[in-house]
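The values are calculated or read from the model by the stated rules, or taken from the named source; none is laboratory data. Computed from a predicted structure; not experimentally measured. With ligands, DNA and RNA removed, areas are computed over all heavy atoms of the protein, side chains included. Shrake-Rupley method; radii C 1.70, N 1.55, O 1.52, S 1.80 Å.
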Amino acid sequence: GVFTITERGLIPCADPAAAFLGDADERPAGTTIAATVLGNRTLLVEIQALVTRSSFGQPQRRVSGIDVNRLHVLLAVLARHGGIALGSHDVHAATVGGFRLQDPGTDLALIAALASASTGVPLPFGACIGEVGLDGRIRAVRSIDRRVQEASRLGRKRIAVPTSTTLRNADIVPIANIRDLVALLARPA
């Protein structure tokens with residue numbers, strides 16, 4: 001269960017799916033929404049990334065709620081297949097609300113937040129769903145229909161998904177690989 005701490009103690013959260021989200025209309029660069037599945041519950045979690053030129057010899061990698069090893073892998077994929085090399089930059093990535101992500105279906109959201117933070121361009125998506133392979137391709141994940149449905153229910157428009165998914169509606173933006181993601185950031189909104 002998901003609970004909220006109040007003056008009266010712990011109380012059940014009325015809408016756990018919305019508990020880890022920020023404002024739906026505000027999307028600064030480096031911020032995106034990941035849809036994850038825990039058991040039979042779908043939750044949307046905000047991911048934030050910050051990229052700055054390193055002031056010291058050794059760039060820093062700091063995470064909160066994200067596996068640092070997965071971050072290193074996704075940074076390598078972003079450099080190799082997206083053309084955004086961050087080897088001389090400090091990279092910070094975190095989930096909002098202290099949520100810990102372990103689902104590979106949130107890879108696209110994390111790499112999109114990193115790309116957005118490094119370019120300074122806000123993402124044109126309300127949510128991102130997909131696993132990122134070492135070859136830079138976006139792969140389908142389990143329960144993608146539930147994830148898209150929950151993102152839509154919570155007002156997220158333009159949901160980025162792998163092109164291999166069979167889901168098609170006005171809110172779906174199919175993305176084949178990291179190169180396509182970076183190209184979308186280069187286009188004017």
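For this structure, a couple of remarks:
- Prolate/oblate/rounded call for the chain, Cα gyration tensor, a/c under 1.5 rounded: oblate
- Full-stretch length increase - V73, L38 - with 0.36 nm per residue and alpha-carbon distance subtracted: 10.3 nm
- Shown in residue order for the stretch 89-102 are the 3J(HN,Hα) couplings computed by the Karplus curve 6.51 cos²θ - 1.76 cosθ + 1.60 at θ = phi - 60°: 10, 7, 10, 10, 9, 8, 9, 7, x, x, 5, 9, 8, 10 Hz (x for Gly and Pro).
- Amide H within-cut-off set for N177, under 5 Å, with H built and near neighbours excluded: I138
- Protein accessible area in the chain, 1.4 Å probe - carbon and sulfur %: 51
- Whole-Hz Karplus values for the stretch 172-178 come out as 8, 10, x, 10, 7, 7, 5 Hz, taken residue by residue from phi with 6.51 cos²θ - 1.76 cosθ + 1.60 and θ = phi - 60°; glycine and proline positions read x.
- Accessible surface area normalised per residue over the chain is 50 Å², counting heavy atoms of protein chains with a 1.4 Å rolling probe.
- Cut-off under 5 Å, modelled amide H: who pairs with I84 long-range: A79
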